[in-house]
Structures are given as C-alpha cells and as structure tokens.
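Taken together, the values in this text are just the output of simple stated rules run on the coordinates, not laboratory data. Since this is a predicted model, take the numbers as computed values, not measurements. When we count neighbours, we look across all protein chains shown, and the Cβ atoms used for this are built from the backbone with ideal geometry, even at glycine.
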Amino acid sequence: MPYDALGSDAEVTCPVCSDVFIPKRRDQKYCSPRCRKQKYQQEDRGKNPKNAKVSPSVRKENHEQRQRARELAETLFGIPPCERLGFMKTLIDAARSHDADLRSIFTDPTLLTGC
C-alpha cells in the first residue's frame, strides 16, 4: 500500500526522469532504483571526475591506447593491399576472443569519428 501522510494517494514527481509516481515509503524520492542510482552516479561524478583531465592513470591509458592505434594503422598501411583484409581479420578475431585493449580501440568513439 502506498504511503501518504495525508491518508490519500499523493503523487510525487521523480527529480531524475520527471515521471509522476505514488511513493511506497515516506522517504522515497525516486520512482525506481534505476533513477536513484543514476542520481547518485551523477553526484559522484561531479565530486570525483574520472576523466583524462584530472586522472593521470586515465590519461596514461588513453595515451597508450592511441599509441597502439597509430602503430596498428602504420602496420596496416605498410603491408601490401592484398594482405590487409587478412590482417584486419586477425585483429578482429583477437578483439573478439581475448584482447580487451584492442576491442576498446575498435569501439572508441573518438577514434571512430577521427576527432
């Protein structure tokens, strides 16, 4: 049974998604656990940013990833065109099976857009 201090079903608006809901508890602020978690993550990211601008470890990881991408591009364009398809297949198979770093290179939005 939904909680309402007034004895009726009072509707509340979720501060994250703006959905209107009837709280089940007196202290319920969010319509779902998903919205509650999203709000917490937003606040945590505001207090503890995890990006290359403030984190030396993330900056180092990004540098290493881009360095490897450059080396792979040099290798790809250094081999004869008739062998490039086989080289790409080898890379894709490695990314699919065990190489998480290579997989992150293939899915990095910055590298995909060329910006």
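If R₀ is 35 angstrom, what is the calculated FRET efficiency for the pair Cys17 and Ile79, using the beta carbon separation as r and rounding to 0.05? In this case the efficiency is close to 0.10. Pairs spanning more than 32 Å between alpha-carbon atoms, out of Lys29/Lys50; Lys37/Lys60; Lys60/Lys89; Lys24/Lys53: Lys24/Lys53. If each Cα of the chain is one equal point scatterer, what is log10 of I(q)/I(0) from the Debye formula at q = 0.12, 0.20 Å⁻¹? Rounded to two decimals, the profile gives -0.68, -1.08. Taken as entire DSSP H runs, the helices of the chain that both span 15 Å or more between Cα atoms along their own long axis and average -0.5 or more on the Kyte-Doolittle scale are 81-97. Our note on the geometry: Cα centres of region 15-31 and region 75-115, 46 Å apart.
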